[in-house]
Amino acid sequence: MQTVPIQFDAFNTLADKEAQVRIDAARAQLGKRAVLLCHHYQRADVYRHADITGDSLKLSRLASQSDAEYIVFCGVHFMAEVADILSRPEQIAILPDLAAGCSMADMASLAKVERCWRELSAVLDPDEKVTPVTYINSAADLKAFCGEHGGIVCTSSNAPKILEWSFARREKVLFFPDQHLGRWSGHKMGIPHDQMVIWNPDLEMGGLTAEQIRNAKIILWHGYCSVHQMFQPSQIAKFRAQYPEGKVISHPECCFEVCEQSDAIGSTETIIRVVKESAPGTRWLVGTELNLVDRLADEVKHEGKIVQFMAGTVCMCSTMQRIDPQHLAWTLENLVAGNVVNQITVPEHEAKLAKIALERMLDAS
Ligand code: 13P
Ligand code: SF4
């Protein structure tokens with residue numbers, strides 16, 4: 001049954017409470033035909049509807065294992081693309097608001113990465129010497145680039161393992177788009193910092209000399225997450241002065257100094273697990289997105305654990321925040337009416353190459 005899609009305008013002014021009731025009603029009608037995948041940064045009024053929650057690695061694994069006809073991804077654009085690539089051809093990946101992107105993913109484009117590859121070839125043969133590694137927070141065409149050039153995808157929970165995979169094949173790595181995850185993972189492998197250079201895509205030869213490129217082990221793309229760059233070592237110092245017994249845990253998208261001064265580093269899934277497994281009464285300072293931290297604080301408070309947010313200001317992933325109850329209700333009611341809205345489709349050729357890079361990652365981790 002295909003009808004004219006219901007327009008979003010009618011949902012724009014829908015009260016939150018009413019949106020919740022309509023989401024529940026649509027879900028009841030769709031039953032197992034739709035699965036709702038939610039990233040940990042998702043706002044509480046959407047997260048409560050999740051069938052499956054997780055970090056990027058867990059969600060990409062589970063997207064490929066679901067039997068549902070519709071995979072409704074409450075996350076950001078690259079996550080829905082991964083769901084489309086890894087799911088079966090007849091399954092449909094949907095992003096309730098197409099404006100839910102990732103500002104870090106946008107910091108690397110195929111044109112700029114191809115230019116980088118061309119410029120590197122003036123110094124060395126990149127297809128022989130350099131493994132391209134893209135953080136999962138990137139567009140599908142960059143994953144395809146990695147698939148085509150002997151490269152691989154990584155997430156925040158497997159990056160050091162993926163670097164080992166990469167160095168077993170070629171002597172250098174080009175890591176994009178997140179410099180911080182690349183630097184921290186390289187540091188954990190014992191790579192000296194002067195062998196990790198920054199490639200600035202807006203400068204000729206990335207702003208590097210031929211000698212710097214020849215000496216480098218990791219060429220780090222000049223990208224970062226605008227949420228995680230808000231966390232600063234001074235916030236950790238203040239917390240430690242006030243609570244010397246307190247613990248600090250951060251996401252590896254934080255800058256090097258924050259990672260270095262934290263007691264533990266991990267993906268969103270790891271942060272949740274470590275805090276939940278800690279002893280009752282532990283006090284934590286957490287350097288990752290606010291929705292996750294607030295939810296975690298609430299979930300562990302009955303054990304006397306105190307979870308504090310690292311930054312002094314409110315910092316959410318504003319793009320993920322765009323998936324609100326109104327967009328979710330609109331998406332699901334359209335599915336009930338037989339209309340698919342906001343389908344994410346990666347072109348076939350691109351999906352095939354991107355899948356190679358994603359499967360290399362899933363096999364290696
Ligand atoms: P995780 O893989 O840890 O969930 O991180 C994804 C992300 O976008 C963090 O900013
Ligand atoms: Fe992208 Fe940062 Fe949002 Fe993660 S928190 S999805 S890296 S903008």
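Cβ-Cβ contacts under 7 Å between residues 6 or more apart (or on different chains), taken from a first residue in region 178-189 that is free of Cβ contacts under 8 Å to residues at least 40 places away in the same chain to a second residue that is of a type in the set (A, V, I, L, M) and surrounded by 23 or more Cβ atoms within 10 Å (Cβ to Cβ), are listed as Gly186/Leu163; Gly186/Ile218; Met189/Leu163.
Could you tell me whether Gly186 is in contact with a Leu (Cβ under 7 Å, 6 or more places away or on another chain), within 15 Å of ligand 2 (Cβ to nearest atom), within 30 Å of Asp125 (Cβ to Cβ) and not hydrophobic (A, V, I, L, M, F, W, C)? No; evaluated as a whole, the condition is false for this residue. Kindly indicate whether Ala364 is in contact with a Ser or Thr (Cβ under 6 Å, 6 or more places away or on another chain) and open to solvent by 20 Å² or more (accessible area, probe 1.4 Å). Here the answer is no, as Ala364 does not meet what is asked.
Restricting attention to region 345-355, does a residue exist that is under 20 Å from the mean Cα position of the chain (by Cα), within 16 Å of ligand 2 (Cβ to nearest atom) and surrounded by fewer than 17 Cβ atoms within 10 Å (Cβ to Cβ)? No, region 345-355 contains no residue that is under 20 Å from the mean Cα position of the chain (by Cα), within 16 Å of ligand 2 (Cβ to nearest atom) and surrounded by fewer than 17 Cβ atoms within 10 Å (Cβ to Cβ). Under the condition of being among the aliphatic types (A, V, I, L, M) and either farther than 30 Å from Ala93 by Cα or within 16 Å of ligand 2 (Cβ to nearest atom) (or both), which residue from region 134-146 is most open to solvent (accessible area, probe 1.4 Å)? Ranking the candidates gives Ala139 first. Screening Ala122, Ala111 for residues that are more than 13 Å from ligand 2 (Cβ to nearest atom), more than 30 Å from Ala337 (Cα to Cα) and assigned to a loop (DSSP other than H, G, I, E, B) leaves exactly one candidate, Ala122. Residue count for region 6-33 under the criterion of being surrounded by 10 or more Cβ atoms within 10 Å (Cβ to Cβ), within 16 Å of Asp97 (Cα to Cα) and under 30 Å from the mean Cα position of the chain (by Cα): the result is 7. Of all residues in region 234-275, those satisfying the criterion of being open to solvent by less than 10 Å² (accessible area, probe 1.4 Å), part of a helix (DSSP H, G or I) and within 16 Å of ligand 1 (Cβ to nearest atom) are Val258, Cys259, Thr268, Ile271, Val275. When the residues of region 295-305 are filtered to those that are touching a residue at least 24 places away in the same chain (Cβ under 8 Å) and more than 16 Å from ligand 1 (Cβ to nearest atom), the one that is nearest to the chain's Cα centre (by Cα) is Val300.
Each row is one residue, and each column tells you yes or no for (1) in a helix (DSSP H, G or I); (2) modelled with pLDDT of 95 or more.
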residue: Asp141; (1), (2): yes, yes
residue: Phe145; (1), (2): yes, yes
residue: Ser157; (1), (2): no, no
residue: Ser185; (1), (2): yes, yes
residue: Ile198; (1), (2): no, yes
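Quick one: which of Leu120, Leu124, Leu86, Leu98 is open to solvent by 10 Å² or more (accessible area, probe 1.4 Å), in contact with a Leu (Cβ under 8 Å, 6 or more places away or on another chain) and more than 15 Å from Thr155 (Cα to Cα)? Result of the check over Leu120, Leu124, Leu86, Leu98: Leu86.
Restricting region 276-290 to residues that are in contact with a Phe, Trp or Tyr (Cβ under 8 Å, 6 or more places away or on another chain) and not β-branched (Val, Ile, Thr) leaves a set whose member that is nearest to ligand 1 (Cβ to nearest atom) is Glu289. Here's a check for you: in region 317-333, which residue that is buried (at least 23 other Cβ atoms within 10 Å of the Cβ) and assigned to a loop (DSSP other than H, G, I, E, B) is farthest from ligand 2 (Cβ to nearest atom)? Per the stated criteria, the residue is Ile323.
The values are calculated or read from the model by the stated rules, or taken from the named source; none is laboratory data. Quick caveat: nothing in here was measured; it's all calculated off a predicted structure. Note that we place each Cβ from the backbone using ideal geometry, even for glycine, and neighbour counts take in every protein chain shown. For accessibility, only protein heavy atoms count, side chains too; no ligands or nucleic acids. Shrake-Rupley method; radii C 1.70, N 1.55, O 1.52, S 1.80 Å.
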